[in-house]
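Remarks on the structure that follows.
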Amino acid sequence: MAMKDFSEYLERFKRGIFPVDYLILIYSTMMLIISIVFYLELGKPLLFLCLNLAFIYLLLYLIYFEERRFDSVHYWIHTWLPILTFIFYYAQSTSYDNLIFHHTFDPVLQRWEGQLFNVPLNRIMAPYVNNLFADEMMHFFYFSYYLIIFVPGVIMLLNRNKRIHEMLFTLTVMMYFHYLIFMIFPGDGPVFERPQIFTRGVLFIPVLDFIYKFFGEQGGGAFPSTHVTTSVIVLLYSFESFRIRSWPINLTVIGIIIATVYCSYHYTVDAIAGIVSGTLFYFIGKYLYSIWDHHAELPAE
């Protein structure tokens, strides 16, 4: 009887699991193990440990009770859970950036920047323009990252476009790989230069300062720029799905790439690495997704 019940549970999980769920389970379990094994070295990260367990439990619940009903809140939460994990695991990974090295690699990044451009571009772009409207506009573009990561995907999902699940899978492969980089090659970027460069702000500058204070102040996640990497992947999938109608996304992505440097959140080398990484992971994600069974993602009706 026990074996029969276990087989039934296993079959139910197979029917409800998405390919991206494997990535979330693997990464969540890995971070849980790191939190336990290095508990004291990491300053007793009890909150992170509990949230790792919570994500695992939530995902198992969503998988087990997945009925593939497009009009259900359950299906939408299950679909967008990967994006929600990005926020938390970015904070956890960058908080663990001193696990291997007790210093950042900013001197290395600054040396690369100097070899390519002689002077850090973030130090001359905004001061040269010296215009509050331009500063706010660039910060709006940087803020639009939080829109571009959702809006094209929501439109794709509403149109029952199958590429939405492939895009979320690709983004998750890329993000989790980059979070590992942040732990073994931490870099803060030029963000601590911002107060000297941007001494005034009306809307988007204060908003981003607020967001950074709560989610990015610990640093360590500058190279490559996930703002740029994510935007490149979304751009490529949007062009696949919308073709000529993707021009607003294309312009926004160009703005995001420029803003990462202009707003002094990243070195130029971070942005260049993000463009290269985003392009590579677009193809890596598509290949991995193509060899995975992903029938369960599709709505039943």
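Bear in mind these aren't lab numbers, they're just calculated from the coordinates by the rules spelled out. It should be emphasised that the depicted structure is a prediction, and the values quoted were computed from it without experimental measurement. Counting neighbours? That spans all protein chains shown, and the Cβs are built from the backbone with ideal geometry, glycine included.
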What angle do you read, to the nearest 10 degrees and between 0 and 90, between the alpha-carbon axis of helix 247-262 and the longest principal axis of the chain? 50 degrees
As a footprinting exposure proxy, order 188, 270, 71 by other Cβ within 10 Å, with the fewest listed first. 71, 188, 270
With a cap of 16 neighbouring Cβ atoms within 10 Å, and only residues DSSP puts in a loop, list the trypsin sites (Lys or Arg not before Pro) found in segment 1-104. 69
Only helical DSSP H runs with n ≥ 4 go in: add -39500 (n - 2.57) per run for the chain, normalise by residue count and round the 222 nm mean residue ellipticity to 500 deg cm²/dmol. -23000 deg cm²/dmol
Packing-based exposure ordering (other Cβ within 10 Å, fewest first) of 106, 135: 106, 135
Longest exposed-site-free window of the chain, the sites being chymotrypsin sites (Phe, Trp or Tyr not before Pro) in a DSSP loop that have at most 16 other C-beta atoms within 10 Å: 151-291
Sorted from fewest to most neighbouring beta carbons within 10 Å, what does the list 162, 213 look like? 213, 162
Going by the alpha-carbon gyration tensor, a ≥ b ≥ c the square roots of its eigenvalues, is segment 153-215 rounded (a/c under 1.5) or, if a/c is not under 1.5, prolate (a/b greater than b/c) versus oblate? oblate
Semi-axes of segment 2-297's equivalent ellipsoid from the Cα gyration tensor, sqrt of 5 times each eigenvalue, largest first, rounded to whole Å? 35, 24, 16
In degrees from 0 to 90, rounded to the nearest 10, what is the angle of the helix 132-143 Cα long axis to the longest principal axis of the chain? 20 degrees
Between helix 46-64 and the chain, what is the angle of the helix's C-alpha long axis to the longest principal axis, kept within 0 to 90° and rounded to the nearest 10? 50 degrees
Where is the GNM fluctuation largest for the chain (alpha-carbon springs, 10 angstrom cutoff): 165, 178, 74? 74
